[in-house]
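Structure first, commentary second.
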Amino acid sequence: MSSVILVTGGTGLVGQAIKHVIETEPEGSRFGKKAGETWVFASSSEGDLRDAEQTKKLFEKYKPTHVIHLAALVGGVFKNIKNNATFFRDNMQINDNVLYTAHTLGTKKVISCLSTCVYPDKVEYPLDENKIHLGLPHPSNFGYAHSKRMVDVANHAYKDQFGSNFTSAIPTNVFGPHDNFDLEDAHVIPALLHKCYLSMKNGTPFIVAGTGTPLRQFIYSRDLAKLFIWQLREYDDVEPIIFSVGEDEEVSIKQVTDAIVRAMNFKGEYSFDTTKADGQFRKPASNKKLLSLIGDFKFTPFEQALDETVRWFLQNYDTTARTGNKKSV
Ligand SMILES: NC(=O)c1ccc[n+]([C@@H]2O[C@H](COP(=O)([O-])OP(=O)(O)OC[C@H]3O[C@@H](n4cnc5c(N)ncnc54)[C@H](OP(=O)(O)O)[C@@H]3O)[C@@H](O)[C@H]2O)c1
């Protein structure tokens, strides 16, 4: 049977990882392309999903049977703090347009991407799939967090009223090729990688914000891609699933920095700017539900994933990588 899988946000970090996996895994395998499948990776230039008409046109053009909905206004903590209204409104519009259009045009299944930011600020760890709505999210990015939480509410409402097969995934911190390396706006791994690169190139000090002690779970974008493909084919339940490495695989920001230093072959020194905020010390998420359902799944070792990311960054620095350098050109 033929199917059309539309990946919104198909040009981003996660979208490009799904494209890579679908194109490189053996055809017909668990994560490879199956016979009769057409995959479409949409960019915002094909349709601004904040706009209902443009969303409808995109769906009418490709007639997706399935949607992996990744498109979102995404940003680091500083951009979030300054723009809570924009993060809330843009993402509410994008998500409402995608789900409503999928519903009205009869799309069979939609998987939307949430984030561990949706979780309450004050909650018992580890995070699991039942704790999303137990309290208010962290104030720094409450606009983004609430807009993402509402996807879970919408999924349940569509299921309740229309029996829709809409669900969601909750990844922890993602990194990999095609990440956003723009220092104004990057998450921690791409930001540190870019800073290390500039330090090697220009001899500028390599300064890491904070104390280096906070712990995080990082998932490689190409592992995450496989989990989305699995969810598309093998999981039909409205309840979200956390996509994360195990709780015992947390790494500290210092460990991340040391791994970057090794992968980049950086011979200089780096220092911590302890006047900068650390954020939460840790916010471990449980991947028990995922592992109980998916069976055998091997996550790429962190150092290997980082090496692949560094290689991609160096190869694409002057061309397609989002470094922020082209903004002033
Ligand atoms: N990165 C992380 O650490 C992380 C962690 C947890 C969850 N997530 C979630 O994962 C998903 C993908 O994130 P990502 O890191 O891959 O983001 P990304 O690299 O910044 O990519 C964002 C994608 O969304 C598209 N997009 C943005 N605004 C749009 C609009 N108005 N209309 C249509 N498309 C629009 C962009 O299209 P163009 O580039 O063509 O403009 C791009 O393809 C998001 O839902 C995010 O919330 C990310």
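Checking residue 131 against (1) among the basic types (Lys, Arg); (2) away from the ligand (no atom under 14 Å from the Cβ); (3) without any contact (Cβ under 8 Å) to a residue 60 or more places away in the chain; (4) farther than 19 Å from residue 216 by Cβ, only one condition comes out false. Which one?
(4)
Six or more apart or on different chains, Cβ under 6 Å: which pairs go from a residue in region 282-301 that's without any contact (Cβ under 8 Å) to a residue 24 or more places away in the chain to one that's surrounded by 18 or more Cβ atoms within 10 Å (Cβ to Cβ)? Could you list them?
Pairs found: none.
Condition first: near the ligand (Cβ under 8 Å from one of its atoms) and within 30 Å of residue 313 (Cβ to Cβ). Can you find one or more residues in region 60-70 that meet it?
Yes - at least one qualifying residue is present in region 60-70.
I need a count of the residues in region 170-219 that are assigned to a loop (DSSP other than H, G, I, E, B), under 30 Å from residue 231 (Cα atoms) and aliphatic (A, V, I, L, M).
1
Need pairs with beta-carbon distance below 7 Å; first residue over 13 Å from residue 41 (Cα atoms) and within region 51-74, second charged (D, E, K, R) and near the ligand (Cβ under 8 Å from one of its atoms); sequence gap 6+ or separate chains.
Matching pairs, first to second residue: 54/48; 73/90.
Determine whether residue 138 is modelled with pLDDT under 95 and either more than 13 Å from the ligand (Cβ to nearest atom) or under 18 Å from the mean Cα position of the chain (by Cα) (or both).
Against the criterion (modelled with pLDDT under 95 and either more than 13 Å from the ligand (Cβ to nearest atom) or under 18 Å from the mean Cα position of the chain (by Cα) (or both)), residue 138 qualifies.
Yes/no matrix, rows are residues, columns are (1) more than 23 Å from residue 222 (Cα to Cα); (2) out of contact with any Lys or Arg (no Cβ under 9 Å at 6 or more places or on another chain):
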| position | (1), (2) |
| --- | --- |
| 14 | no, yes |
| 17 | no, no |
| 29 | no, yes |
| 39 | no, no |
| 56 | yes, yes |
| 62 | yes, yes |
| 78 | yes, yes |
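Which numbered condition trips up residue 42, out of (1) near the ligand (Cβ under 8 Å from one of its atoms); (2) in contact with a Pro (Cβ under 9 Å, 6 or more places away or on another chain); (3) free of Cβ contacts under 8 Å to residues at least 60 places away in the same chain; (4) not acidic (Asp, Glu)?
So residue 42 meets the others, but not (2).
Give me the residue from region 76-120 that is part of a loop (DSSP other than H, G, I, E, B) and more than 10 Å from the ligand (Cβ to nearest atom) and, out of that set, nearest to residue 153 (Cα to Cα).
119
Residue 57: over 25 Å from residue 171 (Cα atoms), modelled with pLDDT of 95 or more and more than 13 Å from the ligand (Cβ to nearest atom), yes or no?
No.
Are there any pairs with C-beta distances below 6 angstrom linking a residue in region 100-115 that is touching a residue at least 40 places away in the same chain (Cβ under 8 Å) to a residue that is assigned to a helix (DSSP H, G or I) and among the charged types (D, E, K, R), with the two at least 6 apart or on different chains, and if so which?
Cβ pairs passing all conditions: 101/56; 114/148; 115/148.
Which of the residues that make up region 175-192 are aliphatic (A, V, I, L, M) and either farther than 16 Å from residue 325 by Cβ or surrounded by 22 or more Cβ atoms within 10 Å (Cβ to Cβ) (or both)?
Once the filter is applied, which keeps residues that are aliphatic (A, V, I, L, M) and either farther than 16 Å from residue 325 by Cβ or surrounded by 22 or more Cβ atoms within 10 Å (Cβ to Cβ) (or both), region 175-192 yields 186, 188, 189, 192.
Could you look through region 254-300, keep only residues that are of a type in the set (S, T, N, Q) and assigned to a helix (DSSP H, G or I), and pick out the one that is surrounded by the most Cβ atoms within 10 Å (Cβ to Cβ)?
The residue in question is 257.
Is it fair to say residue 121 is surrounded by 18 or more Cβ atoms within 10 Å (Cβ to Cβ), of a type in the set (D, E, K, R) and touching a residue at least 12 places away in the same chain (Cβ under 8 Å)?
no
Would you be able to say whether some residue in region 172-180 is away from the ligand (no atom under 13 Å from the Cβ) and out of contact with any helix residue (DSSP H, G or I) (no Cβ under 6 Å at 6 or more places or on another chain)?
No, there is no match, as no residue in region 172-180 is away from the ligand (no atom under 13 Å from the Cβ) and out of contact with any helix residue (DSSP H, G or I) (no Cβ under 6 Å at 6 or more places or on another chain).
The values are calculated or read from the model by the stated rules, or taken from the named source; none is laboratory data. Note that this is a predicted model, so its numbers are computed, not measured. For neighbour counting, all protein chains shown are included, and Cβ atoms are generated from backbone atoms with ideal geometry for every residue, glycine included.
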